[in-house]
Amino acid sequence: MKTLAEYQKIAREEGWALPHFNISSLDQLWGIALAAREAQSPVLVGTSEGEREYLGMRQVVALIRSLREEGVPLFLNADHCKSAESAIKALEAGYDSVHIDLSKESYEVNMRGTQQVVVAAKKKSPEVQVEGELGYLATDSSMVYEKEIAIPEDSYTNVEQAVEFVEKTGVHRLAPAVGTIHGIAVNKPRIRFDLISQLNAVVGDRVALVLHGGSGTQDKDLVQAIQEGISNVHISTELRVAYREALDASLQNSPKELAPYRYLMPARVAVQQAVAKKIALFGVQGKQ
Ligand SMILES: [Zn+2]
């Protein structure tokens, strides 16, 4: 098994993408782990601030570590830390990676805060990876929106700024804003492939480019985004939908069932199937 940094590097060189899936329950984690083991694929597991507060940071670190010890190449990312303090807490708990997201702050504040997290991560361990974000996504929540979501013109990542940001912060991954949103809206996202390609040309040799808000994006668009230089794709809402729908059906089908491991099993299987499809789509099967 390789390190996260090595997988990121190979993904960039070979043109596939490391999947990132969020969890807030052990059933979701098992769904992901079983799919990853079956496909022999490295996977980043993410917890947002709310998700890790619910799960317990040290507890989720121990879960991921225990699966890795059994040969499943899972790595843990603290998704969307909204402050340096939040990222540093995750580092102290033993996360493999932190995503510092100050993208809604001014460029200067974003740069300084991200630099601070990179310094803290290096102090913790040379293995720990840091993701920064530049440009912002129009939505924060991984939910299904019953309306169209417009992408503000000023939200897209500025290419010159991205070069400076990568140089000055020393991040390992960069999440640009290229037209996706968090969650699923009525309108399909229109991805700026030209922007991905430009960013890849100027910083692609130094950082992995991360696509957030992959849910609700058509398969062919995800494939093209990967071809243009994306090497890490976040999927959250689609897994939440699969989990919830399977759980609803399970509870309806067995209204008297009291054993959680029985009525939760269909939800876990639904997550496993959804993850297996994304693993195949991202070209990461057998890359362990
Ligand atoms: Zn995200």
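Computed from the coordinates by the stated procedures, all read-outs in this text should not be read as laboratory data. Keep in mind the model is a prediction, meaning the values are calculated, not measured. We place every Cβ from the backbone using ideal geometry, glycine too, and count neighbours over all the protein chains shown.
In the set (1) farther than 18 Å from Leu34 by Cα; (2) in contact with a Pro (Cβ under 9 Å, 6 or more places away or on another chain), Gly229 fails one condition alone, (2).
Only a single criterion out of (1) more than 18 Å from Asp221 (Cα to Cα); (2) of a type in the set (Gly, Ala, Ser); (3) within 16 Å of the ligand (Cβ to nearest atom) is not satisfied by Gly183, namely (1).
For (1) in contact with a Gly (Cβ under 6 Å, 6 or more places away or on another chain); (2) crowded, with 22+ Cβ neighbours inside 10 Å; (3) touching a residue at least 60 places away in the same chain (Cβ under 8 Å); (4) not β-branched (Val, Ile, Thr), each residue gets a yes or a no:
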position: Leu195; (1), (2), (3), (4): no, no, no, yes
position: Leu209; (1), (2), (3), (4): yes, yes, no, yes
position: Asn232; (1), (2), (3), (4): no, yes, yes, yes
position: Ser236; (1), (2), (3), (4): no, yes, yes, yes
position: Leu239; (1), (2), (3), (4): no, yes, yes, yes
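Of the residues making up region 139-155, one or more are within 16 Å of the ligand (Cβ to nearest atom) and of a type in the set (Phe, Trp, Tyr).
Select from region 36-85 the residues that are over 18 Å from Gln129 (Cα atoms), within 16 Å of the ligand (Cβ to nearest atom) and either touching a Leu at 6+ places or on another chain (Cβ under 6 Å) or without any contact (Cβ under 8 Å) to a residue 12 or more places away in the chain (or both) and list them in ascending order. Matches in region 36-85: none.
Here the condition is being surrounded by 22 or more Cβ atoms within 10 Å (Cβ to Cβ) and part of a helix (DSSP H, G or I); of Val284, Val271, it holds for Val271 alone.
Checking each residue in region 96-112 for being away from the ligand (no atom under 16 Å from the Cβ) and buried (at least 19 other Cβ atoms within 10 Å of the Cβ) picks out Asp96, Met111. Of all the criteria given as (1) within 23 Å of Gln273 (Cα to Cα); (2) touching a residue at least 60 places away in the same chain (Cβ under 8 Å), the one not satisfied by Ile23 is (2). Filtering region 1-44 to residues that are among the small types (Gly, Ala, Ser), under 17 Å from Ala270 (Cβ atoms) and surrounded by fewer than 17 Cβ atoms within 10 Å (Cβ to Cβ) leaves only Ser25. State whether one or more residues within region 244-261 are away from the ligand (no atom under 16 Å from the Cβ), in contact (Cβ under 8 Å) with a residue 60 or more places away in the chain and of a type in the set (Ser, Thr, Tyr). Scanning region 244-261 turns up no residue that is away from the ligand (no atom under 16 Å from the Cβ), in contact (Cβ under 8 Å) with a residue 60 or more places away in the chain and of a type in the set (Ser, Thr, Tyr). Being in contact (Cβ under 8 Å) with a residue 40 or more places away in the chain, surrounded by fewer than 24 Cβ atoms within 10 Å (Cβ to Cβ) and either among the polar types (S, T, N, Q) or in contact with a Gly (Cβ under 8 Å, 6 or more places away or on another chain) (or both) is a description that applies to Ala185.
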